[in-house]
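Quick notes on the structure that follows.
The values are calculated or read from the model by the stated rules, or taken from the named source; none is laboratory data. The shown structure was predicted, so the numbers you read here are calculated from the model rather than taken from an experiment. Cβ: placed from backbone, ideal geometry, glycine included. Neighbour counts: every protein chain shown. The accessibility values were calculated without ligands, DNA or RNA, using every heavy atom of the protein model including side chains. Shrake-Rupley method; radii C 1.70, N 1.55, O 1.52, S 1.80 Å.
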Amino acid sequence: MKIAITGGASAGHVVPALAVAGRLRDHGAELVFLGRENTIEHELAQRASIPFRHVPSAGLQRRRSAANLLMPFTVTWGILAAYRALRRERPDALFSKGSYVSVPVGIGAALARIPVVIHESDHSLGLANRILGRLAATICLSVPAPGPTPRWMRNKTQVTGLPVRADLADAKPDALRARLGVPAGKPVLLVFCGSSGAQRVNAAVRNQLHVLAERYSVLHVTGKGHLDPQLAERPGYWQLEYLHEDMPHALALADLVIGRAGATTLAELAALDVPAVLVPLPTSVSRGDQIDNARAYAGQHPDRCRVVADEELTDPGVLVRACTALSAVPRGGQGSSPEVGAAASRIADLVLRVAARRR
């Protein structure tokens, strides 16, 4: 049996897709990944040894941009490229993890009569999944829909949870501590805001570093191109562009996290029971899903979470105060719960079931 995978634009889409891919591979499925060349999905698929096929795609900019004029042409070309690639690869089903990268692949699969299973991370369907949802055989949700389900969704929706990386259960925080030279006896503050980083969060952390680095060993994942050479030798501060295989070790090492409120990040924090300061993306650059995510997560974990609005980052002490409020909160386990891989297994089973019906 062969399964195609798509999704991209950020690690928050690709990492869960690869978690499902790993479960599919455990069942003996042959895999192929469709996405854009020289991107986060391309890099991570290669690291997972999954064959990759290039499909052009473009997203809708949330501000006035000439790129929006070209988007329909790029997406049309992507649909044709995806259709041709899928006809050559002949998968039995497509699993789509969302983002604009998945739209031409999902439409191409529908044209090629390949059944599609999609997954939504957030509390409501994003634009890509609203488009592909009507074409999908099954819609997987991380959490139950907050309101009435549209009639076209009712008979094909499953609440599966959000798949997280399986290697959370095998993290080796002590090995990472030794490799980076992080001393014991001082709490570790991990700052990360996805694969691209977040310059406003980076700037706020560095502006308050004189206090943070006194209280914590600060492990700062900045995003590519955002290292600060002037802070290279700063005591108590370690900056890295991105963590690949070391990310589970860093999460297991952390006593406290500062990060965005993407659904994948929150699922990993919940699995590891790590206290967190969340800075959700503002509505100026998103549809507001991270604000909803952060509000819901804080409501479920009131003693282990503080939410800081993005516009509050200009306050010179806001992150210090939020971290201080959580300083007495101990972290939980290290991802040993059987629930770590449960969502990925449930989704893989659904994908295989849909694929088997096509045969």
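Taking a cut-off of 29 Å between Cα atoms, list the lysines near Lys224, but don't count ones fewer than 8 places away on the same chain.
Of all the lysines, those that pass the test against Lys224 - Cα under 29 Å, at least 8 places apart if same chain - are Lys97, Lys172, Lys186.
For segment 95-154, what is the charge dipole size about the Cα centre, in debye to the nearest 20, if Lys and Arg each add +1 at the Cβ and Asp and Glu each add -1 at the Cβ?
It comes to approximately 220 debye.
Residue separation times 0.36 nm, minus the C-alpha to C-alpha distance between Ala356 and Ala203: what's the value?
Using 0.36 nm per residue and subtracting the Cα-Cα distance, I get 50.0 nm.
Work from the charge dipole of the chain (Cβ charges, +1 for Lys and Arg, -1 for Asp and Glu, about the Cα centre) and give the residue of Ile40, Leu168, Phe192 farthest towards its positive end.
Ile40
Ranked by accessible surface with a 1.4 Å probe, highest first, in what order do Thr222, Thr157, Thr283, Thr324 come?
Solvent-accessible surface, decreasing: Thr283, Thr324, Thr157, Thr222.
Is the shape of segment 1-148 rounded, prolate or oblate, going by the alpha carbon gyration tensor and its root eigenvalues a ≥ b ≥ c, with a/c under 1.5 for rounded and a/b larger than b/c for prolate?
Because its axes are fairly even, with a/c under 1.5, segment 1-148 counts as rounded.
Would you mind working out the magnitude of the charge dipole of segment 152-284 relative to its Cα centre, with +1 at each Lys and Arg C-beta and -1 at each Asp and Glu C-beta, to the nearest 20 Debye?
380
For Glu37 and Lys186, FRET efficiency with R0 = 51 Å and r from the beta-carbon atoms, rounded to 0.05?
0.75
Pairs of alpha-carbon atoms within less than 8 angstrom and 6+ residues apart define the contacts here; what relative contact order does the chain have, in percent?
17 percent.
With label points built 7 Å along Cα→Cβ from the Cα atoms of Ala328 and Glu241, find their separation and express it in nm.
Result for the modelled spin labels: 4.3 nm.
How many nm separate the modelled label positions at Arg88 and Lys2, each set 7 Å beyond the Cα in the direction of the Cβ?
Label-label distance for Arg88 and Lys2, simple model: 1.1 nm.
Keeping every protein chain present and rolling a 1.4 Å probe, give me the accessible area per residue for the chain in Å².
Ligands and nucleic acids excluded, the result is 45 Å² per residue.
Mind sorting out which of (1) 23.1, 70; (2) 20.4, 62; (3) 26.0, 113 is the real Rg and Dmax of the Cα atoms in Å computed from the coordinates?
Working out Rg and Dmax of the Cα atoms in Å from the coordinates points to (2).
Got a number for carbon plus sulfur as a percent of the chain's accessible area, 1.4 Å probe?
That share works out to 52 percent.
When the dipole is taken about the Cα centre of the chain, and only Lys, Arg (+1) and Asp, Glu (-1) are charged at their Cβ, what size is it in debye, to the nearest 20?
Here the size comes out at about 1460 debye.
So, taking all protein chains as they sit and a 1.4 Å probe, how much accessible area belongs to Glu214, in Å² rounded to tens?
130
Can you compute the FRET efficiency between Thr283 and Thr74 using 1/(1 + (r/R0)^6), with r the Cβ-Cβ distance and R0 = 30 Å? Round to the nearest 0.05.
The pair Thr283/Thr74 has a calculated efficiency of 0.75.
Note down the nm distance, to one decimal, between modelled labels 7 Å out along Cα→Cβ at Leu127 and at Asn155.
3.1
Where does each of Lys186, Lys2, Lys97, Lys224 land when they are ordered by accessible area, with a 1.4 Å probe and the largest first?
Lys224, Lys186, Lys2, Lys97
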